[in-house]
Structure formats: C-alpha cells, structure tokens
1. Given the criteria in the same structural domain as B:Val306 (by TED's automatic domain parsing) and buried (at least 16 other Cβ atoms within 10 Å of the Cβ), does B:Val271 qualify?
2. Consider only pairs whose beta carbons are under 7 Å apart and that are at least six residues apart or on different chains; among these, list those whose first residue lies in region B:124-137 and is in the same structural domain as B:Glu188 (by TED's automatic domain parsing) and within 19 Å of B:Arg111 (Cβ to Cβ) and whose second residue is assigned to a loop (DSSP other than H, G, I, E, B) and not charged (D, E, K, R).
3. When the residues of region B:54-96 are narrowed to those that are over 24 Å from B:Arg123 (Cα atoms) and basic (Lys, Arg), which ends up modelled with the lowest pLDDT?
4. For region B:1-79, which fully contained strands (runs of 3 or more DSSP E) count at least 3 residues that are out of contact with any Ser or Thr (no Cβ under 9 Å at 6 or more places or on another chain)?
5. Would you point out the residue of region B:99-132, among those that are surrounded by fewer than 20 Cβ atoms within 10 Å (Cβ to Cβ) and closer than 30 Å to B:Ile64 by Cβ, that is farthest from the other protein chains (Cβ to nearest Cβ)?
6. Output the residues belonging to region A:72-109 that are crowded, with 18+ Cβ neighbours inside 10 Å and part of a loop (DSSP other than H, G, I, E, B).
7. Condition check: of a type in the set (Asp, Glu), in a helix (DSSP H, G or I) and assigned by TED's automatic domain parsing to the domain that holds B:Gly55. Does B:Glu193 satisfy that?
8. Among A:Ala127, A:Ala55, A:Ala71, which is the only one that is under 21 Å from A:Ser186 (Cβ atoms) and touching a residue at least 60 places away in the same chain (Cβ under 8 Å)?
Amino acid sequence: MLIAALRDLQWRKRRFAIAIVGTGLVFAMTLVLTGLANGFRVEATRTVDSLGLDAFLVKSGATGPFLGSAAFPPTMLQLPGVSASVPLVYGSATMPDRDSARSVNVFGAPERGPGIPALADGHPPSATDEVVVSNTMGKSIGDTVEIGSRPLRIVGLVDDSTALAGQPNIFLTTAGAQKLLFSGQSLITSVGLQGRPATAPDGFRIVDRNGAIDDLLRALSGARQAMTLMAGLLWLVAASIVGSMIYMSAMERTRDFAVFKAVGVPTRSILAGLAMQAVIVAVLAAVLGGVLSVMLGPLFPMRVDIPPIAFLLLPVVAVTIGVLASVAGLRRAVTVDPARAFGGP
Amino acid sequence: MADLRIKDLVVEYASGQESVRPINELSLNVPAGSLAILLGPSGCGKTTLLSCLGGILKPTAGRIEFGDIDVTELDASALSAYRRNTVGIVFQAFNLVPSLTALENVMVPLRAAKVPTKRARERAEELLARVGLSHRMSYRPGDLSGGQQQRVAVARAIALDPPLLIADEPTAHLDYIQVEEVLTLIRELASGERVVVVATHDTRMLPLADNVVELVPHLDADEHEPETVILAAGETLFEQGTMGDSIYVVTEGEIEMFRELATGGEGMLKVAGPGDYFGEMGPLFALPRSATARARTDAVVIGYTVQGFRELLGTLGSRDLIEHKALHREG
C-alpha cells in the first residue's frame, strides 16, 4: 500500500512539511554541534601542524607543550635523531577589544627556524615588539596591538590561525614572548624538535604531534563532551518529532487501516507504507538539515568544521531514526481490528 | 455453485463485566445467485453476523461454510486471503480512504491481490464506468456525493469479482435518490453465482430480497388477559436474550434478575418482591430480554401485555414506566 502512504503524505502535506522543517532544523543543529566539536580539533591540528615541528620536549611533570606545560630555563641539547631544535614559549594573554577583552594564544619561537608558521603576508618577527597575528583578528600589517599591556607592531599575517574555540594565535620571537609572558625571564615551555629522538634526556619527556594537539584541546574537553551529549539529545528530539508525527498519522488512519485489513490488504503492506512515510520524512529532513547546517555554520563565532562523513552518515542515521521512531505507530497499525471498519462514521 | 451455509452460529462477547450473545444458534442457507437481507433493529447482531461472514470476527460456536470453504476453520493468514479473494464488503459509512481518488480506492484490493498496476487501473476504470462514475475517477471522496461514494465503495467491493458480497446498512447515509441508485446496483450484483448479504433496518429494501432473515423475530402483539404464573423456587421465568411480550408483577415471593457474566458466573441485578414489576423494557421496545428472571422463592407473578399494563398503570405514563416508578395499586 505504498501508493496509499504516498497519497497520505500529499493529503497531509502541511503537517508533514512542518515535521520535515522541524526535524531538518534539529538535524542542522546536530550537524553544527558536530562541526563545532570537530572544529576544536581541526584548529588545534592546524595550529600544531603550522609550527613545522615533529615533537616537543617538555619537563617530565608537564602534560604537554602548551596548556599543560611547565616553564624551564633554555637547555642546549644534543639528541640523536634530531635535525633541529628550537626553544618555544607558549602562553595566554589578553588584548582590549572595544569595551571588553579578548584572549589570544601567544607563541614564541626564533625568527629563523621552525616554530613560526608560513605567513600569508609580511615577514616573521625579528624584534621583541614585533608580532605576527592571525588574519581572523581583522588587523593589518603596520597596525599596533596592545597585548598584555605591551604595544606590539604587526609585521605579518597568518591565514586563519586559531585555537581554543576561535581564539586568534599570535607569534613573537622567543625573547618577545618571554617579555610578554614571563616579564623577560629566560624561560621556555618546550623545545620544538624536528626529527625523531629515540629517548628523552633525564627530567624531560617527548610529546609527539598528536600529544601536542590533545594538549591544546585539553581545556575544551568538557565543552566537547557537552556538545556530544547535546548532539545525542538532538537525535532523540528528531526521533521524537518523526515518531510523534507517524504515530498521529497512524491514530488518524485507524479506520483506513481497518478497511485495508477488511479488504484483505496484508498487515505487512500497511506497515511498509507507514515505515516508508517515516523514512521519506527523515531523509528529506536530513537533506534540509545538511543545507541549513552549511548556511548556519558561518554565522557562528567559532570554527564549524562539519566532517564530510557526517553528511554521509546523516541520511543513514535519519532513516534508522525514522524507522525506530515509527515503531509506536507501527504497533498501533498492527493492533487495529478490521472489525472497526464496520459501524457508522 | 457456492451456497452460503450457516449452522448453529453463536457469537458471544464480553461487554464490560457482562456477557452478551447477539447471535444465538442461528442457522441459515443462502443459495448462490441470491440476495439475502438481514433485517432487524440496531444491536440485534446484524453487523456481528456480517463480520463473521467476512472473516473478520471469529464466532464462539457453529460453522460458516461458503462453497467448499469452512470459514470458521481458517487461520489468520487464510482469513486474510479469504477476505481478499472471496468476500467483497460494502461498509455503512462508505469507508473510502480520503487521500485516495475514486480510482485509487477501487485499486486498493486489486493491488493487495498483486494485480499489476496497469491491469488494476484498467479494471478499476471498468468498474467505475459500470457504476456510472467514469466522469468522477480522479475525484477524492470528499468531492463526491454520498451516493457516489457508496457506488465507489461497491466498485471496490466487487473489484476482484468476489463470489460473496456483504453490505452493512448500505443506504444508511443516503437520500432517497441515492438510495434508488444503490438499491438498483446491489440488486444487479446478486446475479450469476454471487451471493449478496445485506444487513439493514431499512424495510424499503425488502422487495429486492430473495431471502429475508429477521434476526430478532417479530413478535405479534397478542392481546390477552393477564395470566398468573406460579413458580417454584429456582424455576426460570424467562432467559436473557429471548423475546417476550409480558410485563410481570410479583404478587407473592421473590424473583431475582441477573445477567450472565463474561467470566461465566451470574451478576445479580435486583430482587423483585410483592408489588414490584419487571421485564417491561423488552416488550415496550421489542428488544430481547436483557436479563434472566428466576424465582428466588416459591412465587406467583401476573403477566400483562403492554396494553394491559398501561391500563393497570392508570395515571402513570410511559415515562414513569421507563423510569420504573413504583406501582401504586389500590386495594
């Protein structure tokens, strides 16, 4: 009775349209949340990759070169398997942003050598009052920014360099970062390495790129879990919308189902029609949700990086949700007594 | 030639806590090619009987045979196939699917029987033309008159050319012009080897019938003098479900009234003592007795006809009788 199910979709098109739009919005929000959670990792990965380093040497008690770092005096090291090593400084600072303050991630690395990302424009910092900033800050070369109460002159721009949920990254010389973060003390937070050292010297440990990315994500783990939970709840909301709509449809079509059964239509055909309605609604909502998520993503102040696999999985999950959500309606259809076809209107 | 044979059919079901038996040991034979009308007031079991004939309701006891098919022995899937291939049903409320066009409604049983779409469409067009609706095929039920809807319902019922057609109150929601259209159509269908069974309380249909079955036997109002009935304790005066024309007044002893329960026991309704009367509703409204009356002690009752009882009531009107006001008797 697929034709009856399709005609019913047309018959109740307004209600189904509302359900599709509602479910589509929920799917869009789910995709955006997935994109936000994924965006944290994408920007952390981009930041770490942009430094051009293979590993980081940190104090043995530290959990990583960034958020979990512990400062220590610069150390001259000769490690087998390492082609280059640079002293790195990482910390957080604030800068005025109209009437409020804005956090920035401060990276300090030598002017020449790894640790400073490839620039979109300008040149690397060579003096302690020079800085390279992410172009997401909306600044231009030659502008002066006040960071941590220190005026710094922008000499270069890095393309879309952010971390910790959209906070811009800024890059100084190691000495410049030490001035900004440690009041000029000769301290570093890690040694950036190119190559693969076999072992770490006493009192140190080696953190690879993945470890460094995890370290940069550490502050956001709670937010990521909350978003994952929210996404799960949104899947339930979507299932509820589809399920309640199919259940209402089944309730209103009780007499139709009784007539179908009375004229010998197998129950499985009736069920197939109902399930097909749920799948159609879910798939159309998934398509709408995908389009909406692409449109809504840029409106968010943080990076929304929806993985392509999420777009591919959404219809699959949507169909599963549609079928599961229609179980109550299907049960209702199964239990309809064909004798209900008799009697008055 | 497939005749319809019903033997000792009993249908009993629970209504609340009580047991109701709308059909009690009904036997009937409808030859192939004839039209039988089941006549009776609402609640007499017409629709229940149709449901049994249509393989929708399983009777409590007895047999229904249509040709070689023993309907009462079929399992669920065989019943579904029986409904699809052997029976066509015309419902009281038309029961067309509102989202489908007239053509698609007629195609429903054809598609259910796996008739290819093209063939099903041709057959549906042919049937709608036969019932005079070739110009309304693409209309939805809401855009058709009651008579047109019922004709679509008839076309749907005969889509697979079933040898048994059952119709439940097919004229219930039609005006007199539409009734004429539908009656003519139904009469035409009862031809060849097809058996048509129509349940109705519309006596205008009687001239169409080859066979009229009164599910509640008509009771002639037989005026007679009040009769005195002497009952021994435990003796039954009348049984639930039977017809009767007497209203009883207790003069001595006690009469208990009870209904059969769905669980198999008896549910006491009341005990009538000297001066009380009982059993008035059945004769008043030509309904079966709704309870059994049995002597609780040795008892004497006087049975009156409705007219006789009205005379006995004197100033009391029918309303007082229905409300079972106490009987004021002088002397």
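The values are calculated or read from the model by the stated rules, or taken from the named source; none is laboratory data. Here the structure is a predicted model, which means the values were calculated and not measured. Positions of Cβ are generated from backbone atoms using ideal geometry, with glycine treated the same way; all protein chains shown enter the neighbour counts.
1. On the way: in the same structural domain as B:Val306 (by TED's automatic domain parsing): yes; buried (at least 16 other Cβ atoms within 10 Å of the Cβ): no.
No; evaluated as a whole, the condition is false for this residue.
2. So the pair list comes out as B:Ala124/B:Ala159; B:Glu125/B:Met137; B:Leu127/B:Ile158; B:Leu127/B:Ala159; B:Leu128/B:Met137; B:Met137/B:Thr101.
3. This residue is B:Lys58.
4. Values: elements: B:4-15, B:18-30, B:35-39, B:61-66.
Where strands (runs of 3 or more DSSP E) fall fully within region B:1-79 and carry at least 3 residues being out of contact with any Ser or Thr (no Cβ under 9 Å at 6 or more places or on another chain), they are B:18-30.
5. Taking region B:99-132 first, the residues surrounded by fewer than 20 Cβ atoms within 10 Å (Cβ to Cβ) are B:113-119, B:121-123, B:125-126, B:129-130, B:132.
Filter once more, so that each one left must be closer than 30 Å to B:Ile64 by Cβ: B:113-115, B:123, B:130.
Working: B:Ala113: 7, B:Lys114: 10, B:Val115: 12, B:Arg123: 15, B:Arg130: 18 Å.
So, considering only residues that are surrounded by fewer than 20 Cβ atoms within 10 Å (Cβ to Cβ) and closer than 30 Å to B:Ile64 by Cβ, the one farthest from the other protein chains (Cβ to nearest Cβ) is B:Arg130.
6. The answer is A:Leu79, A:Ala109.
7. Numbers: of a type in the set (Asp, Glu): yes; in a helix (DSSP H, G or I): no; assigned by TED's automatic domain parsing to the domain that holds B:Gly55: yes.
No; evaluated as a whole, the condition is false for this residue.
8. On the way: A:Ala127 fails: touching a residue at least 60 places away in the same chain (Cβ under 8 Å); A:Ala55 fails: under 21 Å from A:Ser186 (Cβ atoms).
A:Ala71 is the lone residue from the list that is under 21 Å from A:Ser186 (Cβ atoms) and touching a residue at least 60 places away in the same chain (Cβ under 8 Å).
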